[in-house]
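A.B. asks: Below you'll find the structure I mean.
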Amino acid sequence: MSPTVWLVMPTYNEAENIEAIVGAVLAQLEICAPAGHRLLIVDDSSPDGTGELADHLAATRPNVEVLHRSAREGLGPAYLAGFRRALDSGAGRVAQMDADFSHDPADLARLLAAVDAGADVALGSRYVPGGGVEDWGVLRQVVSRAGCAYARAVLGLGVHDLTGGFKCFRREVLEAIELETVRSHGYCFQVEMTQRALTRGFVVREVPIVFRERRRGRSKMSPWIALEAFVVLPQLRRRGGFR
Ligand SMILES: Nc1nc2c(ncn2[C@@H]2O[C@H](COP(=O)(O)OP(=O)(O)O)[C@@H](O)[C@H]2O)c(=O)[nH]1
Ligand SMILES: [Mg+2]
């Protein structure tokens, strides 16, 4: 396995977070991936200038690069473009996380350790003992938990947190799951990737994390993205992780 860890981070209007998150992530990667790492920011032409700020960071720090996409297409296509770039560049493990500090960069070490210990996919999980959410109102907690429970039941999967976006994949998983046919955009993208890994027999391990509400900037997710689940999940069930 190539020792190089790629961390793919999608951004849309994260100008208030980008510099701090890049610094925090690089500091962690120095510690937990000393044999080689690269941070890939995938920006969908953010109108607030996130892409230019990211370019400046990439020019002044080693191991940072930026993939600019011409239009906003949602999380799924941004991740797929980033994963493709990471695989083409020889990544051995590919991690993903949000740019808004909801995912604690310090937790990267435990995700990578789970993969080193034999998991094919490590999932940062809010809904296993030791995991949780901070600062969410009751409504958002209920919607998120109900969404995960619904996805789990519809798809018949044993994973507790199917919609989280803090993960690490072994390269072989991304090569095996036919990325070019993944179509989901929002939270469903996370569900579909995990379903595809499980149905191909890969070992998925949940690592407890505490998810914190963002301090700066605004969420890009809308009720429509949550509703995508009700249309897409039955389709994912029919296909059983294959297309
Ligand atoms: N490239 C790209 N990034 C996105 C898009 N939508 C959201 N993001 C990024 O994906 C991450 C998670 O989005 P966020 O709005 O925080 O979702 P929430 O945490 O579920 O409210 C953040 O880093 C966003 O900047 C998109 O359409 N394109
Ligand atoms: Mg967020």
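Read-outs: derived from the displayed coordinates by stated rules, not from any lab. Predicted, not measured: the structure shown is a model, and the values here were computed from it. Because the Cβ atoms are built from the backbone with ideal geometry, glycine has one as well, and the counts that use them run over all protein chains shown.
A.B. asks: Please work out the FRET efficiency for the pair residue 243 and residue 60, using the Cβ-Cβ distance as r and a Förster radius of 30 Å; give the result to the nearest 0.05.
C.D. replies: 0.10
A.B. asks: Set Lys and Arg Cβ to +1 and Asp and Glu Cβ to -1, take the dipole of segment 1-120 about its Cα centre, and tell me which of 114, 50, 101 lies farthest positive.
C.D. replies: 114
A.B. asks: On to the next question. Cα gyration tensor of segment 1-91, axes a ≥ b ≥ c as square roots of the eigenvalues: rounded (a/c below 1.5), prolate (a/b > b/c) or oblate?
C.D. replies: Oblate is the answer for segment 1-91, as a/c is 1.5 or above yet b/c matches or exceeds a/b.
A.B. asks: OK, next. Apply the a/c threshold of 1.5 to the C-alpha gyration tensor of segment 144-202 and tell me whether it is rounded, prolate or oblate.
C.D. replies: Numbers: a/c = 1.79, a/b = 1.58, b/c = 1.14.
Note, shape of segment 144-202 comes out prolate.
A.B. asks: While we're looking at this one, here's another question. Calculate the translational D of the chain in whole µm² s⁻¹ from Stokes-Einstein, where the hydrodynamic radius comes from the Kirkwood formula applied to all Cα pairs, the temperature is 37 °C and the viscosity 0.692 mPa s.
C.D. replies: 183
A.B. asks: Starting from the coordinates of the alpha-carbon atoms of segment 104-208, obtain the Kirkwood hydrodynamic radius over all distinct pairs and give the value in Å to one decimal.
C.D. replies: 14.2
A.B. asks: Semi-axes, largest first, in whole Å: what does sqrt of 5 times each Cα gyration tensor eigenvalue give for segment 45-184?
C.D. replies: 26, 20, 17
A.B. asks: Please turn the phi angles of segment 202-210 into ³J(HN,Hα) values with the Karplus equation 6.51 cos²θ - 1.76 cosθ + 1.60 (θ = phi - 60°), one per residue in order, whole Hz, x for glycine and proline.
C.D. replies: 6, 8, 10, 10, 8, 10, x, 9, 9
A.B. asks: Hey, another quick one. Please state the shape class of segment 87-131: rounded when a/c is under 1.5, otherwise prolate if a/b exceeds b/c and oblate if not, all from the C-alpha gyration tensor.
C.D. replies: Numbers: a/c = 2.36, a/b = 1.32, b/c = 1.79.
Here segment 87-131 falls in the oblate category.
A.B. asks: Shifting gears a bit: About the Cα centre, and with charges only on the beta carbon of Lys, Arg (+1) and Asp, Glu (-1), how big is the dipole of the chain? Nearest 20 debye, please.
C.D. replies: 860
A.B. asks: Return the sequence-ordered ³J(HN,Hα) values of segment 47-58 in whole Hz as given by the Karplus equation 6.51 cos²θ - 1.76 cosθ + 1.60 applied to θ = phi - 60°, using x for Gly and Pro.
C.D. replies: Couplings: x, 7, x, 4, x, 5, 4, 5, 4, 5, 5, 5 Hz.
A.B. asks: Can you tell me which of 231, 154, 121 moves the most in a GNM of the chain? Springs connect C-alpha atoms under 10 Å apart.
C.D. replies: Its mean-square fluctuation being the largest, the pick is 231.
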